[in-house]
Amino acid sequence: MNSFLCVWKCACFPTISVAWGMFLSLVSVSAVIADQPKHHVRALLENQCYDCHQGESAEAGLDLEELTFDLNDAITLQRWVRVYDRVESGEMPPSDYAELEPEAKSQFLKVTHQGIVAHQKALQQEQGRVRGRRLTRKQIERSLQDLLAIDIPLKTFLPEEAKTEGFTTVADGQGMSYFQIAAHLNTVDAALDEAFRRALSPADEYHRDFDAEGVCRTNPKRRCREPEMRKGQAVIWSGGPIYYGRMPATTAPEDGWYRFEVTVSGLKLPKTGGVWSTVRTGPCVSSAPLLEDVTTFEAMEKPKTIEFVTWLPKKHMLEIRPGDRTLKKGRFPGGQVGTGEGEDQDLPGIAFDRVVMQRIHTNGNDEQVRKYLFGDLKIEPSKDTKKPWKVISKNPRADMETLLTAFASRAFRRPVTSSEIEPYVAEVNAALDNKADFADALRLGYRALLCSPRFLYFTEEPGPLDDWEIATRLSYFLAGSTPDAELAELAATGKLHQPKVLKQQVRRLLDGKRGDQFLKDFAAEWLELDQIDFTQPDTKLFGSFDTVVQDAMLAETETFLQAILHENLSVTHLIDSDFTFLNSRLARYYVIDGIPGDELRRVTLDPKSHRGGLLTQGAIMKVTANGSNTSPVVRGVWVAERLLGVDIPPPPSNVPAVEPDIRGATTIREQLAKHRSQGECASCHAKIDPAGFALENFDPTGRWRDNYLKSNGRKVTKGPAIDSSYEMPDGRKFDNIDDFRSLVVQNPQRLAANVAEKLLMYGTGGVIEFADREVVEKIAQQSATDDYGLRTLVEEVAVSPLFLSK
C-alpha cells in the first residue's frame, strides 16, 4: 500500500506536495494567494505563532517552523487539523498575546480548510473512508448463530479486541494475526460441530421440577453450604461463606441454555424492605472460584416466582443467596453452615418452595438447524450408533452444489455465481470421491465458506455502496449480525438504497427482537459500560455498594437509553432529564424514598436530588472512577469526548499526571490550579475541568457527597467540603452540577452532532475525518426538526452519504 501511494503521489504531483498542490487548484482568493497559498499560511504563522511555537522550547512541543505541508504524513495532517481548530475557536493566538485581523484569519482558515478537505477527499475517492474492515468477535458469534440456527456462546473462542476511538468496529484498529486466524478456525469448528450434532441427533430435552426437599442438603446433620430445611422450605440465611446457597440439584448434565422458575420468599425481612438476593452460576467448588452473575431479585414475605434464562456449562450449578451488603450477616465457623445455626442469630434469609429447570434453545429449534444445513433433504435414523441420523440424497453432487450455493449467498451476504463457489464445490466433490459421508463432505464445504475472507470481511468497493452492501452495513449496525430475509429481499429488488425504504428498515430493526440489544451493544463501547467490572470499590470506604447495586445501575442506564430511543426524545436528555429508572435497592442507594419492588420503574426526579441524565447515573460515575477516589481530569476528559464532542489531545510527555491526595492534605482543586499554571496545560484544562469539577459531588460509586474522605490507612474521616463550581471555556460560570447541565443543553446541536459522530464510527467502521465534519453537522441539523430526537438521529445517520459509501 505504501509503495502504491508513493507511485500515485509522484505521478500526480512531481514538484509539490499533494495537499498544497490541491490548494493551487481549489482556492479562489486573490491572485497572489491563489498562486502561492502556502506562503500566505507560512507568513501568518511567522507573524503570529513563531514566538511561542519555534525551536526546541516550543510550547506543547509544537514547532511550527518544522511543520511541513506534507499531508500524506498522518502526524503532520493531525497537527494541521489541530492548528485549524485552535485558530478557528479563537484559542490561538492567546488573547493576551495578539489578535488576528479578521481578514487574515478568514483567509488562513479558508485555505487550510480547503486544502485538508481536498487531500482527504482524494484519498477517500481512491481508497474509501473505511479500509479492510472485518467482523468483530461479537459479530462473528451472532453471524454463525444466525447462519446455523444455533445458540452456543462463541466469543470465548476469539481473542479480546483493541478499541479505536472507543470502538472495536473501527477498521483502523483491526489487525489479523496468525493467532486470530487460528482462533477463527476453532470458532467455526465449534459452531459446525454444534449444528451437525443437533441436526443429526435426537432432541436433547431436559426437564426437572424440584420441591423444597429436592434442592436442600441431603444430610441435615452435615455442615455444608446447601440450603437447609425449615418449616417445609429450603432456606439460605444471610452469611459470608463462599458458595453458600449452591444447589447441586441444578447441576447441568450438558452445556446449554436453561430456563429456571424459582419460587422464593423472604424471611425475617429487614426494615429497609425485602431481602435483596443474587443468582450466580459456577462449579461452586474451591478449585473454580469464579462465578457468573445472572440476575438479582428482592424476596418479600409473600412467595413469588422469578424466571430467568442462563447458559450453564456442564457440571455448573446455581448459587442463590442474600446479596445485599447492608444486611446483617451470620457467623458460621469453618466456612460451613450447620442446620439451625442461622436461626438464633436473627438473620434475614430466603426460602425456596420450588425450582423448575428446563433446557431450551434460544435461536431456533432442531428442525430449523436441519433446514439451514440440508434444505429439503430427508433425515432418517441410522444403525450407526456414532451417527444416529443420516442425510438421504439421491443425487449427492447436485444436492451438495445447491446447498453450498444457498449457504454461500447467506454467508457472503449477497448472491454468488457458480464460478465463485467452484473451489468449494471441488473440495466437497473430492471428499465424495474418497467415499466420505454426505454430511461430512458437506461440512467441509461449509467450513471453507465460513473461513473465507468474504465471510470474515466486509467486501466493499470505494464509492457508493450497492443494495447488498447497504443491507450488510445496516444489519451489522443495528442487529450485529448478517442481514435477515426482508433486508435480502429489498436488496435483491434494488429498493434498499431509497431513503424512505431505508428509514422504514431502521424503524423495523429497532422495534424487532434485537432492537434493545442495539443500544446495549453501542452503549457498552460508547459509554464504556463494558468496563463496569474493571474496578471494585474499596469496601472500607463504600461498604454499602454491592453486586445488586451495580446490576441495577447498569440496568438504569440501559433502560434510560432505550426510553430515549423508543420515544425519540431529544439527546439533551443525555445531559439533563427529569426522569430515570429505579428499583427499591438503587433508590435506597441514591437516598430516594418511596420506590418499592425489584422491577425497574420510571421515576420522576426531584430537582433537589441533583440527578438527571446520564451524567449523574451510578454506572457512569463508576466507569469514570478507580474505585477509591475520583479525578476531575478523568471524568472531565470522559464527558468531553464521549458526550460533548470535544477532542482532548494527549498531554505532553513531560507533564506529570495529577494524582488525588488520599491523605486529604490538599484538595484536587488546589493540585489542578498548580498544574494549570504550566502554560501548555491551561488550554486543554479549560475544556476538561468544567465537567470534572461539576461531578465532584458524586463519589466513585455514584452516591452524592458533600465532603471528601480522609484516610490515614486505618481510619476514614470526613475531609474538606467539595466545591463543584467552575466556569465554562467561554467564561460562563456555574455553581454545581445542576447549573452545569443547564448550560450544556443550551447547545443541543453540538450534542446531536457528537452522537451522530459516534453512531457513524460504530456503524461504518471509519473514524470521522476533518473532511467528514460537514456531513456530521448536516445530520445534526436535519434531526432538529424532531427536537434532535435520538431515533431521528439514527435514521438520518443511516441515509447519510457517509453511511452509504465505503
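What follows draws every value from the coordinates through simple rules; no lab data is involved. What you see is a predicted model; the values in this text were computed from it and never measured. For neighbour counting, all protein chains shown are included, and Cβ atoms are generated from backbone atoms with ideal geometry for every residue, glycine included.
Brief remarks on what is shown
- Between the entries [x] 34.6, 117; [y] 51.9, 162; [z] 30.6, 100, the label attached to Rg and Dmax of the Cα atoms in Å calculated for this structure is [z].
- Remark: for residue pairs 268/304; 138/386; 687/778; 328/710; 386/435, the C-alpha separation exceeds 21 Å in 138/386; 687/778; 328/710.
- Electrostatic tally near residue 445: other residues with Cβ closer than 10 Å to its Cβ, Lys and Arg +1, Asp and Glu -1, net 0.
- At R0 = 56 Å, FRET efficiency that the Cβ-Cβ distance of residue 705 and residue 493 yields, to 0.05: 0.40
- Leading residue at positive end of dipole, the range 279-387 (Cβ point charges), from 320, 377, 303: 377
- Our coupling estimate for the range 501-515, obtained by passing each phi through the Karplus curve with A = 6.51, B = -1.76, C = 1.60 and θ = phi - 60°, is 5, 5, 5, 5, 5, 4, 5, 4, 5, 5, 8, x, 5, 10, x Hz, Gly and Pro reported as x.
- Net charge over other residues, Cβ less than 11 angstrom from the Cβ of residue 716 (K, R count +1; D, E count -1): +4
- Cα gyration tensor, the range 529-744 - rounded (a/c under 1.5), prolate or oblate: oblate
- For the peptides 81-87, 279-285, 583-589, residues were scored by their other Cβ atoms within 10 Å and the scores averaged per peptide; the highest-first order is 583-589, 279-285, 81-87.
- Pairwise centroid distance, computed over Cα atoms, of the range 222-250 with the range 556-600, Å: 35
- For residue 239, distant residues with modelled amide H under 5 Å away: 330
- Considering only 274, 552, 497, the residue lying farthest towards the positive end of the dipole of the chain is 274, judged by Cα position with unit charges set on Cβ.
- Residues whose placed amide H lies under 5 Å from that of residue 601, excluding near-sequence neighbours: 582, 583
- Its DSSP H runs of at least 4 residues, each contributing -39,500 (n - 2.57), put the calculated 222 nm mean residue ellipticity of the chain at -12500 deg cm²/dmol, to the nearest 500.
- Straight Cα distances below 19 angstrom link residue 622 to the lysines 520, 540, with same-chain residues fewer than 8 positions distant left out.
- Net charge in the neighbourhood of residue 433 (other residues with Cβ under 15 Å of its Cβ; Lys, Arg +1, Asp, Glu -1) is -2.
- Given charges at beta-carbon only (K, R positive; D, E negative), |dipole| of the chain in Debye: 2660
- Karplus (6.51, -1.76, 1.60) ³J(HN,Hα), θ = phi - 60°, over the range 341-351, in Hz, Gly and Pro reported as x: 6, x, 4, 6, 8, 6, 9, x, x, 10, 10
- In summary, the aspartates and glutamates within cross-link reach of residue 733, defined as a Cα separation below 19 angstrom excluding same-chain residues under 8 places away, comprise 91, 576, 670, 689, 696, 723.
- Reach of residue 503 by Cα under 15 Å, taken over aspartates and glutamates that are not fewer than 8 positions away in the same chain: 467, 486, 511, 786, 795, 796
- For the range 750-766, 3J(HN,Hα) computed residue by residue from phi via the Karplus equation (6.51, -1.76, 1.60; θ = phi - 60°) reads 5, 5, 5, 4, 5, 5, 4, 4, 5, 4, 5, 5, 5, x, 9, x, x Hz, glycine and proline entered as x.
- Filter on 163/371; 155/394; 163/806 - keep pairs with C-alpha separation over 30 Å: 163/371; 155/394
- Restriction of the GluC sites (Glu not before Pro) in the range 184-277 to DSSP coil positions whose beta-carbon has at most 13 other beta-carbons within 10 angstrom yields 205, 254.
- Relative contact order, percent, the range 207-360 [alpha-carbon distance under 8 Å, six or more residues apart]: 39
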